[in-house]
1. How high is the FRET efficiency between residue 179 and residue 137 when r is their beta carbon distance and R₀ equals 35 Å, given to the nearest 0.05?
2. Who wins for biggest fluctuation among 77, 107, 162 in a Gaussian network model of the chain, springs between alpha carbons below 10 Å?
3. Using a simple spin-label model with points 7 Å from Cα along the Cα→Cβ vector, what separation in nm is obtained for residue 151 and residue 27?
4. For residue 117 and residue 79, compute 0.36 nm times the residue count separating them, minus their Cα-Cα distance, and round to one decimal in nm.
5. Answer rounded, prolate or oblate for region 90-176, using the Cα gyration tensor with square roots of eigenvalues a ≥ b ≥ c: rounded when a/c is under 1.5, else prolate when a/b is larger than b/c, else oblate.
6. With contacts defined as alpha carbon pairs under 8 Å and 6 or more residues apart, what's the relative contact order of the chain in percent?
7. Which value in nm describes the separation of the simple spin-label points at residue 89 and residue 72, placed 7 Å from the Cα toward the beta carbon?
8. Between residue 9 and residue 34, what FRET efficiency follows from the Cβ-Cβ distance if R0 is 25 Å, with the result rounded to 0.05?
């Protein structure tokens with residue numbers, strides 16, 4: 001098949017799949033090599049950048065997925081009668097952050113960092129498909145390790161974990177003692 005003939009093939013596979021499809025699987029299906037597939041993907045991305053399109057192509061690690069553009073979410077929710085998305089709690093966001101930057105990690109690791117029981121939060125994030133089991137560690141008790149999912153990337157509009165913002169350097173971080181001292185200074189200044 002010609003290069004131009006592969007555009008609708010890849011588009012159809014991504015559309016029909018509904019979920020992310022790995023690049024290696026697309027190459028296997030189409031007979032394209034990785035570099036040729038990348039050219040097809042770039043051409044599809046260009047096609048969907050048109051303001052007249054309600055579709056976009058998402059890159060999720062080494063996978064691709066067709067999705068609707070964010071600006072049409074309200075219409076889609078209305079058409080499909082989707083209830084309002086529930087926001088993540090601060091504890092859930094904190095847990096996701098810990099796991100995203102340190103994965104794969106155990107619930108015990110998360111609890112050690114947070115200082116509180118995190119079992120319920122981790123289980124809730126697994127149910128929401130933002131976290132998944134990444135196997136068991138070779139430690140006493142063989143604890144389950146957790147990692148973020150492609151749904152996590154989609155929800156936070158990331159192509160890969162490399163797109164996470166960098167953590168501040170230790171010298172740039174503020175300690176709790178500095179926060180308390182600043183708070184006391186502000187209260188003393190108000191009196």
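Read-outs throughout are calculated quantities, based only on the coordinates presented, and are distinct from any laboratory measurement. Keep in mind that this is a model prediction, so the values were computed, not measured. Every residue, glycine among them, receives a Cβ derived from its backbone with ideal geometry; neighbour counts consider all protein chains shown.
1. After rounding, the FRET efficiency stands at 0.55.
2. The residue with the greatest mean-square fluctuation here is 77.
3. If labels sit at residue 151 and residue 27, their model points lie 2.9 nm apart.
4. Values: separation 38, 0.36 × 38 = 13.68 nm, distance 3.97 nm.
Contour length minus Cα-Cα distance gives 9.7 nm.
5. The shape class here is oblate.
6. Over the chain, the number comes to 15 percent.
7. 3.6
8. That pair, residue 9 with residue 34, gives E of 0.95.
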